[in-house]
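> Encoded as structure tokens, here's the structure I'll be asking about.
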Amino acid sequence: MSLVGRRFSFWISIVGIIICLSDYMGSGFANIFIRLIPPINVLADVEPMRHWMFDFENNKWGASSSILLEVNFLTYVILFITWFLVGLFIDILVKRLRRIKQLV
């Protein structure tokens, strides 16, 4: 099995890219899924980041603080980095568990 086939950070990052592309192409479900990511929710409450992450001018739904707001490129970057870090954490955890298993 190749390295790419065993790395969670690679595959989880691919899932993050698929979610971003799906949202960019207009899927409403992907937008809801993006807003459920904890770092995005935390940064959405900080005032300068809020306007950098969400597009309030092109708001076709008329919502000011809703899950239906369109996201900007910065939000996609934060989502990708978050998913990559989660995958990297899983990779490190698996590596340590394998090392412990070999010692026992």
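> Between a residue in region 12-27 that is more than 13 Å from residue 73 (Cβ to Cβ) and any residue that is at pLDDT below 85 and part of a helix (DSSP H, G or I), which pairs come within a Cβ distance under 8 Å, given they are 6 or more apart or on different chains?
Between residues of region 12-27 that are more than 13 Å from residue 73 (Cβ to Cβ) and residues that are at pLDDT below 85 and part of a helix (DSSP H, G or I), the close pairs are 19/30; 19/33; 19/34; 22/29; 22/30.
> Same structure, new question: Would you confirm, using the coordinates I've provided, whether residue 92 is among the β-branched types (Val, Ile, Thr), at pLDDT 85 or above and either outside any helix (DSSP H, G or I) or open to solvent by 70 Å² or more (accessible area, probe 1.4 Å) (or both)? Don't jump to the end; show me each part of the working.
On the way: among the β-branched types (Val, Ile, Thr): yes; at pLDDT 85 or above: yes; either outside any helix (DSSP H, G or I) or open to solvent by 70 Å² or more (accessible area, probe 1.4 Å) (or both): yes.
Yes; evaluated as a whole, the condition is true for this residue.
> Then there is this: Which count do you get for residues in region 32-45 that are in a loop (DSSP other than H, G, I, E, B) and surrounded by 11 or more Cβ atoms within 10 Å (Cβ to Cβ)?
If we filter region 32-45 for residues that are in a loop (DSSP other than H, G, I, E, B), which is where we start, we get 36-37, 45.
Now drop any that are not surrounded by 11 or more Cβ atoms within 10 Å (Cβ to Cβ), which leaves 37.
Here the count works out to 1.
> Right, here's the next one. Out of region 6-28, which residues are of a type outside the set (Ser, Thr, Tyr), open to solvent by less than 50 Å² (accessible area, probe 1.4 Å), modelled with pLDDT of 80 or more and out of contact with any strand residue (DSSP E or B) (no Cβ under 7 Å at 6 or more places or on another chain)?
Result: 12, 16, 19, 20.
> For the list (1) among the β-branched types (Val, Ile, Thr); (2) at pLDDT 85 or above; (3) more than 26 Å from residue 27 (Cα to Cα), I need the number of the one condition that residue 77 fails.
(3)
> Does region 29-39 include one or more residues that are more than 12 Å from the chain's Cα centre (by Cα), modelled with pLDDT under 75 and not basic (Lys, Arg)? Break it down into steps so the answer makes sense when it comes.
Going through region 29-39, the residues more than 12 Å from the chain's Cα centre (by Cα) turn out to be 29.
Going one step further and asking which of them are modelled with pLDDT under 75, we end up with 29.
Right, trim to not basic (Lys, Arg) and you get 29.
Yes; the residues of region 29-39 include at least one that is more than 12 Å from the chain's Cα centre (by Cα), modelled with pLDDT under 75 and not basic (Lys, Arg).
> Please determine whether any residue of region 61-73 is touching a helix residue (DSSP H, G or I) at 6+ places or on another chain (Cβ under 6 Å), at pLDDT 75 or above and assigned to a helix (DSSP H, G or I).
no
> Let me ask another. Check residue 3 against each of (1) open to solvent by less than 50 Å² (accessible area, probe 1.4 Å); (2) at pLDDT below 85; (3) touching a helix residue (DSSP H, G or I) at 6+ places or on another chain (Cβ under 9 Å); (4) not small (Gly, Ala, Ser) and name the one condition it does not meet.
Condition not satisfied by residue 3: (1).
The values are calculated or read from the model by the stated rules, or taken from the named source; none is laboratory data. Here the structure is a predicted model, which means the values were calculated and not measured. Ideal geometry is used to build each Cβ from the backbone, glycine not excepted, and the neighbour counts take in all protein chains shown. Surface accessibility is based on the protein's heavy atoms, side chains included, excluding ligands, DNA and RNA. Shrake-Rupley method; radii C 1.70, N 1.55, O 1.52, S 1.80 Å.
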